[in-house]
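Working notes, beginning with the structure itself.
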There are 2 protein chains.
Amino acid sequence: MDGETPTPAMILVRPQMGENIGAAARAMRNFGLGRMRVVAPREGWPSSRAAATASGAGRVLDAAGHFDDLPAAIGDCHYVLATTARPRGMVKPVLTPERAMADARTMIAAGQRVGVVFGPERAGLENDEIARADAIVSVPVDPEFASLNLAQCVLLMAYEWRRASVAAPPEIAARAQADMAEAIEIERLGDRYETTLEAAGYFFPPDKAEGMKRNMRAMFARLALTRADVQMLHGMLRHMARRGGS
Amino acid sequence: MDGETPTPAMILVRPQMGENIGAAARAMRNFGLGRMRVVAPREGWPSSRAAATASGAGRVLDAAGHFDDLPAAIGDCHYVLATTARPRGMVKPVLTPERAMADARTMIAAGQRVGVVFGPERAGLENDEIARADAIVSVPVDPEFASLNLAQCVLLMAYEWRRASVAAPPEIAARAQADMAEAIEIERLGDRYETTLEAAGYFFPPDKAEGMKRNMRAMFARLALTRADVQMLHGMLRHMARRGGS
């Protein structure tokens, strides 16, 4: 393969425009992919236009393999996926990008090499190229407006690769990093509000008081308060109590 | 909202380049979205550059709402999602695009209006704009190469919207459309191969024969053969048997 990291190779077949190769390189870098292969690019190789567009992703181009035809480019791959907007009646598994990249991950984890093949900008892959793939990947575009450009198609596959690879969903990660209040702080906050509001006659009528207190505690617990939030809520109460007492 | 179909509004805040607005419109159309809102675009509104880039997606621009600020643009929304590459320590739910669009779908199915907010190309959304959102959407880019362009970000959200909305996965749909062989045809194919290979002395030694036959049947069953495949396999066998007999 083109590098050391076990990731799929993104194989661009007869790309027409250097700019699109560069944009594809950027899309790959966005989602942690570094292995590109180019097959017979129309403007030759290396491509200065690709390099200009890639900017920060230039090392993807520098490391890219250059091949004369698709069989050579996929020669060392154990599992080949062909991307196409419209599967053309060929009887091969047709996978969503999500499923395809989950499968790629399984293959790669087992030590196999995976190639994802993209056709030229307008024409797409030819039938005898699709025939060489193990499976077809079809992006679920609106059939009335199916024209995805090359870099966008690479972007979606790279996104799905990363999605299949990233362990912790960001909602959990973000919560893990925030300076969240501990339960004891929430408890004391509830105590303080309860005492103050009790004194203010808020929990009325008496037969509703228990339920009202429980609801208040439940709300504080549900809000995922940070330490700063708790301090602010203490401060707000302190000021309200002062006004009430004046 | 900007149209009749219940889909989220894609809200572009202070977009700098008309080309990016046009590319965003195309990305929306790719995945069946038609509702765009633009907030204070730098080059004014309507934008001829946006229209030139949008080409086939021009009707998204024609129908787009134009607003002076974000509060006006999200005014009628019940649920607002702010996209940002790096959540900035704000304590809000941080959702993956997948989760965000699944939530959007739930909200919309319940009759609510959803807005997805995108910041300007380089600067991104300001903190007081993010503060107005119910939740943050964070695309899981590689932190070392996090620069997604505006249209790519719109593309990924639109893709996830459609993914959350499309019912039948394409692998099932493709299989449903192909002229698949019926089980009885597979059974007869197996019978024919078994008889012919039996006569040819293939199932040897005798104590392995049953297992070999079972494996062959299992393979035929697993291949998802079409009628045409079955005919071809019959034809291949017929020819092999003739050669063997000559």
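Neighbouring Cβ atoms within 10 Å as the yardstick, rank A:T7, A:T96 fewest first.
Values: A:T7 23, A:T96 18.
The most exposed by this proxy come first: A:T96, A:T7.
By its C-alpha gyration tensor, with a ≥ b ≥ c as the square roots of the eigenvalues, how is chain B shaped: rounded for a/c under 1.5, else prolate for a/b larger than b/c, else oblate? Can you show the working numbers first?
On the way: a/c = 3.54, a/b = 2.96, b/c = 1.20.
Judged from the Cα gyration tensor, chain B comes out prolate (a/c at least 1.5, a/b above b/c).
Among B:F118, B:F145, B:F204, which one moves the most in a GNM of chain B with springs linking Cα atoms closer than 10 Å?
Top of the fluctuation ranking is B:F204.
Please build a GNM for chain A, connecting alpha carbons under 10 Å apart, and tell me which residue among A:A24, A:A228, A:A57 fluctuates the most.
In the Gaussian network model the winner is A:A228.
Considering every residue in A:131-139, what mean count of other chain Cβ atoms within 10 Å of its Cβ is obtained? Please list the in-between numbers first.
Working: counts 0, 0, 0, 0, 1, 3, 1, 5, 6.
Taking all residues of A:131-139 together, the mean is 2.
Between B:S147 and A:Q231, what FRET efficiency comes out of the Förster formula 1/(1 + (r/R0)^6) with R0 = 41 Å and r the beta carbon distance, rounded to 0.05?
Working: r = 36 Å, r/R0 = 0.88.
Efficiency, from the Cβ-Cβ distance: 0.70.
Could you tell me how many degrees, from 0 to 90 and to the nearest 10, lie between the Cα long axis of helix A:97-109 and the main elongation axis, the longest principal axis, of the Cα atoms of chain A?
Approximately 80 degrees, to the nearest 10.
Take A:Y79, A:Y202 and order them by how many other Cβ atoms sit within 10 Å, fewest up front. Walk me through the numbers on the way to the answer.
Numbers: A:Y79 21, A:Y202 14.
Sorted ascending by nearby Cβ count, the order is A:Y202, A:Y79.
Kindly express, to the nearest 10 degrees and within the range 0 to 90, the angle between helix A:206-222's C-alpha long axis and the longest C-alpha principal axis of chain A.
Roughly 30 degrees between the two axes.
Taking a label point 7 Å from Cα toward Cβ, how far is A:Y202 from its twins in the other copies, in nm, shortest first?
8.2
Is the C-alpha gyration tensor of the range B:66-169 telling us rounded, prolate or oblate? Criteria: a/c under 1.5 is rounded; beyond that, a/b larger than b/c is prolate, otherwise oblate. Mind showing how you got there, number by number?
On the way: a/c = 1.62, a/b = 1.11, b/c = 1.46.
Note, shape of the range B:66-169 comes out oblate.
Could you tell me which residue out of A:L81, A:G44, A:I11 lies farthest along the dipole of the range A:1-125 toward its positive end? Charges go on the beta carbon: Lys and Arg +1, Asp and Glu -1, centred on the Cα centre.
The one lying farthest along the dipole's positive direction is A:L81.
Using the Cα gyration tensor of the range A:183-245, with a ≥ b ≥ c the square roots of its eigenvalues, what is the shape: rounded (a/c below 1.5), prolate (a/b larger than b/c) or oblate (neither)?
Values: a/c = 2.64, a/b = 1.20, b/c = 2.20.
Cα axes put the range A:183-245 in the oblate bin.
Distances from B:P143 to the same residue in each other copy, label points 7 Å out along Cα→Cβ, in nm, shortest first?
Computed spacing set for this position: 4.5 nm.
Kindly express, to the nearest 10 degrees and within the range 0 to 90, the angle between helix B:227-245's C-alpha long axis and the longest C-alpha principal axis of chain B.
Tilt of helix B:227-245: around 30 degrees.
Charges at C-beta only: +1 for Lys and Arg, -1 for Asp and Glu. How large is the resulting dipole of chain A about its Cα centre, in Debye rounded to 20?
Numbers: 30 positive and 29 negative charges, 127 e Å.
Approximately 620 debye in magnitude.
Hey, with R₀ at 51 Å, roughly what FRET efficiency would B:L223 and A:A224 work out to, going by the Cβ-Cβ distance, to 0.05? Intermediate results must be reported in sequence, preceding the final value.
On the way: r = 51 Å, r/R0 = 1.01.
E(calc), rounded to 0.05, equals 0.50.
What does the charge dipole of the protein assembly as shown about its Cα centre add up to, to the nearest 20 debye, if the Cβ of each Lys and Arg holds +1 and the Cβ of each Asp and Glu holds -1?
Approximately 80 debye in magnitude.
Express as a percent, rounded to the nearest 5, the fraction of DSSP beta bridges in chain A (both residues included) that run antiparallel.
Values: 1 of 21 bridges.
So the antiparallel bridges in chain A amount to around 5 percent.
Taking the Cα centre of each part, how many Å lie between the range B:35-111 and the range A:103-136?
If we compute the Cα centre of each part, the gap is 34 Å.
When each copy gets a label point 7 Å from Cα toward the beta-carbon at A:G111, what are the spacings between them in nm, shortest first?
From this label point to the equivalent ones elsewhere in the assembly: 6.0 nm.
222 nm [θ] for the protein assembly as shown, helices only, -39500 (n - 2.57) per DSSP H run of 4+, per residue, to 500?
Details: 22 runs with 246 residues, N = 492.
Estimated from H runs of four or more residues: -15000 deg cm²/dmol.
Using a Gaussian network model on chain B with a 10 Å cutoff between Cα atoms, which of B:P15, B:P205, B:P143 fluctuates the most?
In the Gaussian network model the winner is B:P205.
Just want the ordering: B:E194, A:E144, from fewest to most Cβ atoms lying within 10 Å of their own Cβ.
On the way: B:E194 17, A:E144 9.
Final ranking by Cβ density, sparse to dense: A:E144, B:E194.
If you take every DSSP beta bridge fully contained in the protein assembly as shown, what fraction is antiparallel? Give it as a percent rounded to 5.
Details: 2 of 42 bridges.
Just about 5 percent of them are antiparallel.
Could you give the nm distance between label points at A:D76 and B:T106, where each point is 7 Å from its Cα heading toward the beta carbon?
4.6 nm
Laboratory data are not the source of any read-out in this text; all were calculated from the coordinates shown. Worth saying up front: this structure is predicted, and the values here are computed from it rather than measured. Methodologically, a virtual Cβ is constructed for each residue, glycine included, from the backbone with ideal geometry; neighbour enumeration extends over all protein chains shown.
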